[in-house]
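Peer 1: Right, I'll just put the structure down here and ask away after.
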Amino acid sequence: MVEEGLELTDFTLTSGVHACGLLGDYRVFRQVHGLAVKFGFGFGSNACVEVAVLDMYTRWGRMVDAEKMFLRWELEEFSSVAWTSMICGYARDGKPEEAFSLFHIGRSGGKLTMDEVVAATMLGLCGTVGHLDMGKEIHCHVAKCGLGSNLEVGNCGSVDDAMRVFNDMSCTDVVTWNTLISGNLMHRQGDRALEIWVEMQEEGIKPDQVTFVLIISAYRQTDSNLVDDCRSLFNSMRSVYQIQPTSERYASFITVSGHWGFLQDALETINKMLFKPCVLVWRTLLDGCRLHKTAMIEKWATQNILSLEPKDPSTWDRSEMVRESVREKGFCKHPVQSWIISQKKTHAFYPRDRSHPEEKGIYIGLEILILECLKVGYEPDMSFVRHEVEEHHKKTFLFRHSAKLAATYGILMTKPGKPVRIVKNILLCGDCHEFLKYASIVTERDIFL
C-alpha cells in the first residue's frame, strides 16, 4: 500500500501493528510504528493507533518504550485500555509492585475500568507473588462489579479462603474446580487435591485437559508412592475421557515417575509414546535422572536432547549465536526472580542480588542459615550450577540462588514460628528445594513455595 501511494488509515495501521504481533517480528513492528508517526498518526493525533502501539510494546516486554508513551499523555486522556495494557505489561515483565501501584492509581482516579481482563490479570498477579490481602481486595472489586467469582485467592496462601469462596458460589464448572485443585497444589497439598478430584467426579463434572495435568501433578505431592494409580489415571484419559495425550501430559506423568525414582518405567513410557518425544519430555526425564543419580538414563536423555536441539544454549560453543538470534528477533528473556511479601510490600530477588536495602543483613543471615542446615544434613548439589561456571565459584553461585535469598529475608523479617511464603517465576531447582526443607527444620517454621 505504501509503495502504491495508497492512503493509510488508522484501521490499516492498527491492523498492521496486530499483524506484527501475530508474526512475532519486532523489527517490522518498529517500522510500522515509524510509518504511523511519518503519516501523521503519532503522538496526540490518533488514540486508536497509539493505544495499539502501546499495547504491542508491553506485549514485547519493552516497558521502557511503553512508559515513555504512557507518561507523555495527559492523565485525563488515558483510556482504560491503555491503563489495562500497562498493568498487564508490568505483570508479564515480572514487576508486581508497578502493576499494583498503577492499579490503585487508576481505580482511585476513576480512569481504570474493572473488567474481566483487569480482574484476571490482578488476581493472577496476586497468586504469583502470594499477596493474600491484595487478592482479597481484588476479589471484593470483582464481586462489586458483578464479574463473578474467581478462586485465585487460593493461590495467594489461603486455601481455606478459597474454599469459602467456592462453597458460596451458586454454580461451579470445571474451571472453578481446576482452580481449587491448583490452589491446593501450590501449597503442596497433593492428598487434598486428589480428594477434590474424587468430589469432582462424584458431582458429575467432566474433567478437561487442564484437570488431568493438575491431578497427575498431585501424585507427585502425596505422602506415599501412588505411581500405579497415576499410571491408571493417565491411561484413562484416552480410553475413558477421549482426551488425547500430549507432550505436556506425558511430561507431567514422567515427572511423577521420576520423582518417585521409577526412571526405567518413565523411559519405557517414552518409548511407547504415540508420537516422537519432544525436548520437553526428554528434559523432564533428565531432571528425574539428576535427582536420583541415574547416570545411564541421564546420558541417553542428554543425547536425545542434543539431537533434537543442536543449537540449544546449553551447547556452550553455540550459545552466543543463539542469544544473538534471540536479540535480533526482539525477544526478551525474563530474568529468574523470587518474591516474598513482607509488611504488605513485595520484595523481589535475583540470583546473587545485591540491590536490596537490607542486602548486608540478608547475606549474613544466609551464611548463618547455610551453616545451620549443613549441621542437620543438608548437602549442596553442585549439579544445579551451570557447567561453564569455574569450579571454585560453584558454591558461591549455588548459595546465592534467588529462592535462598528470598527465604532468608522472610525468616529475618517475620516473627519466629510464622510461615514464610516464596514464589519463583521458574521451577525451583533441586538444591534450593533441599535447602529450604532443612531451613524449615532449623527455623521451626513452615516455608511455602
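Peer 1: Based on this model, can you work out whether Ile254 counts as within 23 Å of the chain's Cα centre (by Cα), of a type in the set (A, V, I, L, M, F, W, C) and closer than 21 Å to His433 by Cβ?
Peer 2: On the way: within 23 Å of the chain's Cα centre (by Cα): yes; of a type in the set (A, V, I, L, M, F, W, C): yes; closer than 21 Å to His433 by Cβ: yes.
For Ile254, the condition - within 23 Å of the chain's Cα centre (by Cα), of a type in the set (A, V, I, L, M, F, W, C) and closer than 21 Å to His433 by Cβ - is met.
Peer 1: Additional query: Count, please, the residues in segment 261-276 that happen to be part of a loop (DSSP other than H, G, I, E, B) and surrounded by 20 or more Cβ atoms within 10 Å (Cβ to Cβ).
Peer 2: Step one: list which residues in segment 261-276 are part of a loop (DSSP other than H, G, I, E, B), which gives 261-262, 272-276.
Keeping just the survivors that are surrounded by 20 or more Cβ atoms within 10 Å (Cβ to Cβ) gives 262.
Of the residues in that region, 1 qualify.
Peer 1: Same structure again: So which pairs qualify, if the first residue must be in segment 357-376 and assigned by TED's automatic domain parsing to the domain that holds Thr346, the second must be outside any helix (DSSP H, G or I) and not hydrophobic (A, V, I, L, M, F, W, C), the Cβ gap must be under 7 Å, and the two must be at least 6 apart or on different chains?
Peer 2: As it stands, the answer is Ile362/His356, since those pairs meet every condition given.
Peer 1: Can you name every residue in segment 386-408 that is surrounded by 10 or more Cβ atoms within 10 Å (Cβ to Cβ) and either closer than 17 Å to Gln343 by Cβ or at pLDDT below 85 (or both)?
Peer 2: Once the filter is applied, which keeps residues that are surrounded by 10 or more Cβ atoms within 10 Å (Cβ to Cβ) and either closer than 17 Å to Gln343 by Cβ or at pLDDT below 85 (or both), segment 386-408 yields Val389, His393, Lys394, Lys395, Thr396, Ala406, Ala407, Thr408.
Peer 1: How many of the residues making up segment 357-403 are within 27 Å of His292 (Cβ to Cβ) and outside any loop (DSSP other than H, G, I, E, B)?
Peer 2: 19
Peer 1: Which residues, taken from segment 166-177, are in a helix (DSSP H, G or I) and either at pLDDT below 75 or in the same structural domain as Lys424 (by TED's automatic domain parsing) (or both)?
Peer 2: Phe166, Asn167, Asp168, Val174, Val175, Thr176
Peer 1: For the subset of segment 219-230 comprising residues that are under 17 Å from Tyr250 (Cβ atoms) and touching an Asp or Glu at 6+ places or on another chain (Cβ under 8 Å), which member is surrounded by the most Cβ atoms within 10 Å (Cβ to Cβ)?
Peer 2: Looking at residues that are under 17 Å from Tyr250 (Cβ atoms) and touching an Asp or Glu at 6+ places or on another chain (Cβ under 8 Å), I get Tyr219.
Peer 1: Run down Ile441, Ile422, Ile411 and say which single residue is at pLDDT 85 or above, assigned to a strand (DSSP E or B) and not polar (S, T, N, Q).
Peer 2: Of the residues listed, the single one that is at pLDDT 85 or above, assigned to a strand (DSSP E or B) and not polar (S, T, N, Q) is Ile422.
Peer 1: Could I ask something else about it? Looking at (1) at pLDDT below 75; (2) crowded, with 18+ Cβ neighbours inside 10 Å, which one does Ile87 not meet, given that it meets all the others?
Peer 2: Tallying (1) at pLDDT below 75; (2) crowded, with 18+ Cβ neighbours inside 10 Å, Ile87 fails exactly one: (1).
The values are calculated or read from the model by the stated rules, or taken from the named source; none is laboratory data. Computed from a predicted model, the values in this text were never measured in an experiment. When we count neighbours, we look across all protein chains shown, and the Cβ atoms used for this are built from the backbone with ideal geometry, even at glycine.
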